[in-house]
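The values are calculated or read from the model by the stated rules, or taken from the named source; none is laboratory data. From a predicted model like this one, the values you see are computed outputs, not experimental measurements. Backbone-built Cβ (ideal geometry, glycine too); neighbour counts: all protein chains shown. Just the protein is used for accessible areas: all its heavy atoms, side chains included, with ligands, DNA and RNA removed. Shrake-Rupley method; radii C 1.70, N 1.55, O 1.52, S 1.80 Å.
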Amino acid sequence: MSNIIVNPKNYTGHELETIFFRPLLSGPTAEQLGIRILYNMPMPTVVQMWDHSNNVLKPFDENSSWSGGSKSTHYQKTIPMARVKAENAFSASDYFSTIFELITNRSDVNMEDLTGTELEAAETELFRRAIAESIRMNLWLGDKGGTFETGYTSFDGLLKLVDERVKGKNFHYSQSNLNAILGDYLVSEIFDLMVTNASPRLKGLYNEGEVAFFVSPTIYTYYEQYLNTTFGSAAYTDVQNGRRCLMYRGFPIIEINLEPAISSSKLSQDFIIFTDRRNLVMAVNTADSPGSEVRMWYNPDEMENRQRAVFAIGCEVLDDELVCAFINVGE
């Protein structure tokens with residue numbers, strides 16, 4: 001297995017997309033993020049939005065000309081993209097044992113005949129997991145200016161963007177002390193408040209099945225405890241088997257676990273964001289970003305294996321009116 005240590009690998013162009021980033025940004029990995037993901041859209045990445053007409057029915061008159069009214073309103077938003085790099089390094093011994101563990105955990109591997117393809121797949125998967133987790137943390141905790149000491153400074157993330165957008169707007173709930181509010185209300189009552197008093201535009205999207213709650217682990221636990229204590233024996237099966245996804249009035253509740261980084265930052269550890277999934281967008285580009293690549297090699301001077309990925313990434317909240325949030329950044 002010595003070839004796993006020294007053989008360099010470099011993915012660019014089509015291989016970079018099909019072998020590395022496309023599997024990372026699709027399937028279960030992408031679903032866990034719970035938001036809209038755009039991959040390799042032309043840069044600058046512009047999202048087109050159309051506000052459909054509310055009333056297209058008109059009285060029919062054979063003698064009349066076109067009476068369809070005005071054309072649909074067109075909106076567009078540019079997602080700010082930042083060129084980033086992801087780097088990782090292992091000592092030769094740690095790298096060997098980590099790759100070997102990934103291979104032996106697969107049931108379909110013949111340990112008597114480990115080919116170069118299997119070794120390369122394990123090595124790629126190791127780096128892909130690291131990038132996926134780093135993307136997820138940056139997506140929520142990103143703070144380009146470093147004001148809130150999250151440690152993730154590549155681009156501004158959703159918590160910072162949502163907090164900036166909701167403050168001072170009458171269709172949102174921007175609170176500095178969510179724990180105090182939870183002392184006066186059950187978490188279910190807060191959910192109900194947000195569902196009932198959301199903006200008319202957000203209410204209009206309820207039936208499309210994409211509106212959801214994004215909550216911190218503490219909020220998720222509070223709601224789970226509420227279900228257990230309120231419904232008693234009805235929750236017996238759930239207590240035994242667990243719950244795949246909590247819901248409130250048909251809206252999924254998505255747990256966003258950002259520990260331990262959020263605890264050591266200046267960000268509020270607890271938050272509730274109620275919006276349409278499609279309104280929170282992350283864009284990744286490896287096609288139009290100069291120098292995009294994934295490279296893995298062995299450095300004999302330092303006796304360590306190194307991995308590097310270069311690509312462009314950014315996120316955005318498309319429509320402020322589609323967001324309700326109990327959140328405070330910097331408290």
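For the reader, a short list of remarks on this structure follows.
- Scanning the stretch 173-205 for residues that are in a helix (DSSP H, G or I), free of Cβ contacts under 8 Å to residues at least 24 places away in the same chain and not polar (S, T, N, Q) turns up Ala180, Gly183, Asp184, Glu189, Leu193, Pro200, Lys203.
- Pairs where the first residue, in the stretch 251-276, is farther than 29 Å from Arg201 by Cα and of a type in the set (Asp, Glu) and the second is open to solvent by less than 60 Å² (accessible area, probe 1.4 Å) and at pLDDT 90 or above, C-beta under 9 Å, 6+ apart: Glu259/Pro217
- Residue in the stretch 258-308 that is nearest to Ile79 (Cα to Cα), counting only those that are polar (S, T, N, Q) and assigned to a strand (DSSP E or B): Asn285
- One residue stands out among those in the stretch 246-284 that are surrounded by fewer than 20 Cβ atoms within 10 Å (Cβ to Cβ) and aliphatic (A, V, I, L, M): the one that is modelled with the lowest pLDDT, which is Leu246.
- Top-ranked residue of the stretch 127-141 - restricted to ones that are touching a strand residue (DSSP E or B) at 6+ places or on another chain (Cβ under 8 Å) and under 16 Å from Met282 (Cβ atoms), ranked as surrounded by the fewest Cβ atoms within 10 Å (Cβ to Cβ): Ser134
- Residues of the stretch 8-58 that turn out to be part of a loop (DSSP other than H, G, I, E, B) and at pLDDT below 70, as a count: 7
- Ala312 meets all of the listed conditions (1) in contact with a Lys or Arg (Cβ under 6 Å, 6 or more places away or on another chain); (2) among the small types (Gly, Ala, Ser); (3) open to solvent by 20 Å² or more (accessible area, probe 1.4 Å) but one, namely (3).
- Of the residues contained in the stretch 142-157, none is found to be in a helix (DSSP H, G or I) and either open to solvent by less than 20 Å² (accessible area, probe 1.4 Å) or modelled with pLDDT under 85 (or both).
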